[in-house]
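Single-structure report; data block below.
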Amino acid sequence: MREIKMIVIHCSASRCDRDFPFEALDRYHRSLGWKGCGYHYYVTRDGRIHVGRRESEVGAHAGPKYNRHSIGICYEGGLNPQNQPADTRTEAQIRAMHSLVADLRRRYPGAEVLGHRDLPGVHKACPCYDVRAST
Ligand SMILES: [Zn+2]
């Protein structure tokens, strides 16, 4: 089994007033030459948790150095209607992500939960909220 040291939270960087369903995300990542969705979990605005990859598989979400030992979770949204980075999580998304992260924490004790932007050398807003302060 792979050693999981981190749980990395992302946003899809799509507008909160537009649909970006799991199928579109999966298609987009395949178009990049990846074997499907790069995240392990994708949480849509309705609070549904879609499985992108098995936890035993290495994801494609935080660069090779961090993918190896992490689980990637992405929520649909992250941009407001003006196309600016914002915490656009719905109540349903917040609830779903909390229970998902709680479950992962139980199964991978010691794994650090952080946002994509908290990784060294990352210069983007993703996931557009302070994960460390809110989980
Ligand atoms: Zn990200």
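Each value in this text was obtained by applying a stated rule to the coordinates, not by laboratory testing. Computed from a predicted structure; not experimentally measured. With ideal geometry, Cβ positions are generated from the backbone for all residues, glycine too; neighbour counts draw on all protein chains shown.
Looking at the square roots a ≥ b ≥ c of the eigenvalues of the Cα gyration tensor of region 25-66, which shape do they give, rounded for a/c under 1.5, prolate if a/b is larger than b/c, or oblate? Numbers along the way, then the final one.
On the way: a/c = 2.01, a/b = 1.35, b/c = 1.49.
The shape class here is oblate.
Quote the relative contact order of the chain in percent (integer), defining contacts as alpha-carbon pairs under 8 Å separated by 6+ residues. The partial results should precede the final answer.
On the way: 261 pairs, mean separation 43.7, N = 135.
The value is 32 percent.
Can you tell me which of 1-12, 104-115 comes out highest on packing, and rank the rest after it, using the mean Cβ neighbours within 10 Å? Numbers along the way, then the final one.
Working: 1-12: 19.2, 104-115: 15.3.
Averaged packing, sorted descending, gives the order 1-12, 104-115.
Given springs between every Cα pair under 10 Å in a Gaussian network model of the chain, which of A13, A86, A24 has the largest fluctuation?
Ranking A13, A86, A24 by mean-square fluctuation puts A24 first.
Quick check: residue separation of E91 and H123 times 0.36 nm, minus the Cα distance between them. What number comes out in nm? Let's see the in-between values first.
Values: separation 32, 0.36 × 32 = 11.52 nm, distance 2.74 nm.
Between E91 and H123, full extension yields 8.8 nm more.
For the chain, compute Rh as the Kirkwood radius over C-alpha pairs and then the Stokes-Einstein diffusion coefficient at 25 °C and 0.890 mPa s; write the answer in µm²/s, rounded to an integer. Write out the running numbers ahead of the final one.
Details: Rh = 14.7 Å.
In µm²/s, the coefficient rounds to 167.
Can you grab the distance from the C-alpha centre of region 1-35 to the C-alpha centre of region 40-65, Å, no decimals?
Each part's Cα centre sits 6 Å from the other's.
What dipole magnitude, in Debye to the nearest 20, does the chain give about its Cα centre under +1 on Lys/Arg Cβ and -1 on Asp/Glu Cβ? Working shown, then result.
Numbers: 21 positive and 15 negative charges, 77 e Å.
With Lys and Arg at +1 and Asp and Glu at -1, about 360 debye.
Mark the label point 7 Å from the Cα of R30 along Cα→Cβ and return the residues of region 49-73 whose backbone N is within less than 15 Å of it.
52-53
Using a Gaussian network model on the chain with a 10 Å cutoff between Cα atoms, which of V51, V101, V122 fluctuates the most?
Of V51, V101, V122, the Gaussian network model singles out V122 as fluctuating most.
Taking every DSSP beta bridge with both residues inside the chain, roughly what % is antiparallel (nearest 5)?
Numbers: 4 of 19 bridges.
If I count the DSSP bridges inside the chain, around 20 percent turn out antiparallel.
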